[in-house]
Amino acid sequence: MKLSRPVSWFLLAFGVWSWVIWITFVKNLWKDGSGLAFDDAGDPTGYFWVHLLLAVVSFVLGTVVGVIGFRGVRALRRTS
């Protein structure tokens, strides 16, 4: 399958954007002071684990999408 140039760049940008957003989210989750992510004893709560799992899945999907976009951009440069 051959991806068009705009689609390849979009997928690559989406992968990078996903990493930027979710790294920021995990940093904010880790230093949460509202009491949602950690209980009074400092132990992680269910909220923390669910959102950490969400972030990890998003990292993986963002990486896969970004790699597909990168391979599409690289393939288009070879044919140009």
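Each reported figure results from applying straightforward, stated rules to the coordinates on display, with no laboratory input. Owing to the predicted nature of the structure, the values given are computational and were not obtained by experimental measurement. With ideal geometry, Cβ positions are generated from the backbone for all residues, glycine too; neighbour counts draw on all protein chains shown.
Below are the figures for this structure:
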read-out: Amide H partners (placed H, <5 Å) of Phe38, local residues excluded; value: Thr45
read-out: Table column - 3J(HN,Hα) (Hz), the stretch 26-42, Karplus curve with 6.51, -1.76, 1.60, x for Gly and Pro; value: 5, 4, 5, 5, 5, 9, 5, x, 7, x, 6, 7, 9, 7, 4, 7, x
read-out: Estimated 222 nm signal from helices in the chain, with DSSP H stretches of n ≥ 4 weighted -39500 (n - 2.57), rounded to 500; value: -27000 deg cm²/dmol
read-out: Dipole-positive endmost among Pro6, Thr45, Asn28 within the stretch 1-55 (Cβ charges, Cα centre); value: Pro6
read-out: Computed over the chain: relative contact order in percent, which uses C-alpha pairs under 8 Å that are six or more apart; value: 54 percent
read-out: The chain: angle of helix 46-79 to the longest principal axis, Cα-based, in degrees nearest 10; value: 10 degrees
read-out: Label point distance in nm, Trp9-Trp30, each placed 7 Å from Cα along Cα→Cβ; value: 3.4 nm
